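The values are calculated or read from the model by the stated rules, or taken from the named source; none is laboratory data. What you see is a predicted model; the values in this text were computed from it and never measured. Counting neighbours? That spans all protein chains shown, and the Cβs are built from the backbone with ideal geometry, glycine included. Each accessible area value is taken on the protein alone, full model and side chains, heavy atoms only, with ligands, DNA and RNA left out. Shrake-Rupley method; radii C 1.70, N 1.55, O 1.52, S 1.80 Å.
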Amino acid sequence: MTTILFELGTEELPPKNLKTLRDALKNSVGTLLNDQNISFDDIHAFAAPRRLALTITGVGEFQPDRIETKKGPSVKAAFDDAGNLTRAGQGFLQGLNATGRNLSVKDLGRIADKKGEYIAYDLTIKGEKITDLMPNILQKALDDLPIAKRMRSGIDRHEFIRPVHWIVLMSDDVVIEATIQGHKTGNQSRGHRYHSPDFFAIDHADHYENLLKNHHVIADFDQRQADILAQVKTLADDVNGTAIMPQELLDEVTALVDLPVALRASFPERFLAVPQEALISTMQADQKYFCLTDQAGKLMPHFIFISNINSKDSAQIITGNEKVVRPRLSDAEFFFLQDQKQPLFELNHHLKTQIFQDKLGTLWEKSERIANLAAHIADQIGANTDAAYRAGLLSKCDLASRLVGEFPELQGIAGTYYARLNDEPDVVADAIEEQYLPKFSGDKLPATHVGVALALADRLDTLVGIFGIGEIPSGSKDPFSLRRASIGILRILIEKRLRVSLSHLVKQALMGYGDILENIDQTLTEVMEFINARYRAMYSEQGVLVDTIQAVQAVQTDVPMDFDERIQAVTAFRLLPQAAILAENNKRVANILAKAGTVQGDVTPQNLIEPAEQALYQAIESAKVSVQPLHNHGDYQGILTTLVSLSEPLTQFFDHVMVNADDETLKQNRLALLSQVRKLFLSVADIGLLQS
């Protein structure tokens with residue numbers, strides 16, 4: 001068994017794509033090896049700024065031989081009446097012998113399928129030498145890498161994400177001679193661009209990783225990242241700080257260096273007066289620095305950066321980075337101070353010329369609509385209406401600020417800072433930032449009631465406005481992120497336990513547009529359908545079964561919190577031993593009633609002549625008494641648990657009673673009985689939609 005080494009040496013690869021390229025190359029080669037029936041023990045993938053590499057261990061010398069059945073003409077077509085080969089049969093035999101075999105009719109076998117019986121021959125195909133197959137496998141894997149835009153370098157017509165400079169392909173200590181990406185393979189690799197720039201020979205595939213370490217390259221991406229984490233933690237601990245290390249930034253920094261050397265630098269403390277989000281944003285996005293916070297979560301005047309050079313004079317590198325970061329922090333400071341030359345509310349006047357959407361007016365008009373809607377929602381949920389109205393008026397002011405103009409990701413955050421500087425109440429200032437929560441799946445929700453009102457108002461105003469002008473999202477096109485906004489609305493109403501009618505909120509949002517929108521009723525219907533359609537995605541992500549969601553959607557509840565309570569109730573109901581038979585019987589009830597059409601009248605007890613229907617009637621009447629107080633408290637789980645008592649009577653009813661009796665009076669009475677069963681269950685969900 002041997003080890004195969006493949007290394008692709010390039011110019012510096014795009015850091016944001018390096019990890020993806022590594023994983024894709026590994027997965028693709030693994031799949032291709034399996035397709036070729038080539039066994040191996042493991043594939044280890046390497047990725048560094050100037051290389052992608054693989055070591056494949058436990059590889060044999062040859063593919064295993066395989067049997068391939070060659071199918072010929074049908075037996076009837078292959079033989080004549082005397083049992084001799086026809087032209088068709090002879091042609092099949094000659095084809096088999098064309099490659100040097102000396103087969104006769106006695107060597108032929110037969111196979112059969114649905115269409116008939118055929119002559120055949122089991123052909124043994126000898127496995128190829130694996131080193132002969134590897135170049136094509138690797139080239140195919142490179143061609144299949146997820147590269148959005150490939151490039152050519154100079155006169156070389158081979159395309160890749162960056163110019164290729166060398167290729168290593170070895171089986172143990174022997175070079176597998178081939179041409180990949182237009183380069184002849186060899187055993188020559190290169191180390192660190194500055195510490196070890198010359199080519200060096202790889203003596204054995206198993207020594208690859210250690211040889212690169214000797215030449216100042218840590219080829220293993222995960223090992224480099226672990227080194228960075230350890231070094232950063234040590235430097236942060238030295239000043240009692242905690243490093244902010246988003247995974248995306250950490251991956252990018254790992255992809256930028258061959259030999260990570262963490263260094264800590266500082267910036268003047270006066271910059272801490274600037275919103276720390278702005279400082280963090282510019283240091284992360286522009287400089288790829290790891291910022292430090294204290295135990296209270298406040299930004300410290302220190303940052304850690306990762307150098308790709310193990311310098312003898314690290315102080316110069318630290319000084320250089322400090323010089324570079326100061327102008328960027330000064331820019332943030334300048335914008336912050338300039339914005340403070342006028343009150344936050346004054347920035348609202350600039351919104352009168354900023355368009356929210358061509359047909360829906362300006363951001364100033366949107367702010368007014370949001371303010372009125374937020375105040376109404378605040379009244380519904382018991383929040384401070386005056387604070388909600390004020391927060392709505394100020395909610396979009398920071399979009400006209402210079403700080404947000406430079407750092408768009410600070411919308412809301414900047415407004416909160418300016419509101420506090422203007423001595424706005426804390427509840428108003430907090431709400432300005434919270435209006436954008438949740439920003440993504442799983443993100444935190446607004447913490448304050450006023451923030452909740454503002455977050456709902458902002459999303460609802462956008463939803464009804466965009467739907468009102470006919471710009472309904474289709475396919476993957478959703479420029480206003482209306483799907484995310486809808487899920488945000490549902491999450492807030494459900495997780496904040498707000499028993500509020502969704503259609504009422506949508507109607508109120510529509511009223512805010514006055515005469516701007518036409519077809520109000522149609523817009524209301526479309527918006528409600530759109531938001532309700534988001535339940536499936538939201539609950540599926542939580543692991544709720546699709547038929548559970550459909551069962552609750554069938555009852556068309558208008559209150560998201562109520563919808564959630566029904567989901568929890570049906571989920572618990574499914575765990576009961578009687579759930580499957582009750583679901584099946586409910587489905588049967590629904591089908592019978594659907595075919596019967598309108599059921600006339602109520603149940604007449606005197607017309608219940610069969611013991612099974614009498615028992616079902618008594619069970620229904622008893623269930624009604626037990627269910628009523630549970631319904632008053634919205635205890636849907638308790639309702640379904642109570643209705644389990646109908647399982648046996650309903651089963652006995654179907655076993656012993658003919659619903660569609662010849663006597664029309666009996667038939668209608670039994671349909672009315674089943675209608676009551678269905679009504680009881682539909683008070684929670686359509687249980688008949690559950691799959692066993």
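Table for the structure above
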quantity: Flag if E269 is in contact (Cβ under 8 Å) with a residue 60 or more places away in the chain and of a type in the set (D, E); calculated: no
quantity: Subset of region 386-404 that is buried (at least 23 other Cβ atoms within 10 Å of the Cβ) and among the basic types (K, R) - its residue that is nearest to L347 (Cα to Cα); calculated: K396
quantity: Inter-residue pairs, beta-carbon under 6 Å, first touching a residue at least 12 places away in the same chain (Cβ under 8 Å) and in region 249-265, second surrounded by fewer than 19 Cβ atoms within 10 Å (Cβ to Cβ) and among the small types (G, A, S), 6+ apart; calculated: V261/S307; L263/S307; L263/S314
quantity: Conditions (1) in contact (Cβ under 8 Å) with a residue 12 or more places away in the chain; (2) among the hydrophobic types (A, V, I, L, M, F, W, C); (3) part of a helix (DSSP H, G or I): number failed by L337; calculated: (1)
quantity: Exclusive hit being at pLDDT 90 or above and of a type outside the set (G, A, S), set P73, P64; calculated: P73
quantity: Residues located in region 427-460, provided they are among the charged types (D, E, K, R) and either farther than 27 Å from Q508 by Cβ or touching a Leu at 6+ places or on another chain (Cβ under 9 Å) (or both); calculated: E434, D443, K444, D458, R459
quantity: Filter result (surrounded by fewer than 16 Cβ atoms within 10 Å (Cβ to Cβ) and over 20 Å from L360 (Cα atoms)) within region 517-533; calculated: E529, A533
quantity: Residue satisfying all of: in region 167-181; under 19 Å from F199 (Cβ atoms) and among the polar types (S, T, N, Q); most open to solvent (accessible area, probe 1.4 Å) among these; calculated: T179
quantity: Test: residue in region 278-297 that is over 30 Å from R420 (Cα atoms) and either out of contact with any helix residue (DSSP H, G or I) (no Cβ under 6 Å at 6 or more places or on another chain) or crowded, with 17+ Cβ neighbours inside 10 Å (or both); calculated: no
quantity: Conditions (1) over 29 Å from L545 (Cβ atoms); (2) part of a helix (DSSP H, G or I); (3) touching a residue at least 24 places away in the same chain (Cβ under 8 Å): number failed by V659; calculated: (2)
quantity: Total residues in region 15-55, condition over 26 Å from the mean Cα position of the chain (by Cα), in a helix (DSSP H, G or I) and surrounded by 20 or more Cβ atoms within 10 Å (Cβ to Cβ); calculated: 1
quantity: Leading residue by the ranking (farthest from M538 (Cα to Cα)) among those in region 405-452 that are open to solvent by 50 Å² or more (accessible area, probe 1.4 Å), small (G, A, S) and touching a residue at least 12 places away in the same chain (Cβ under 8 Å); calculated: G405
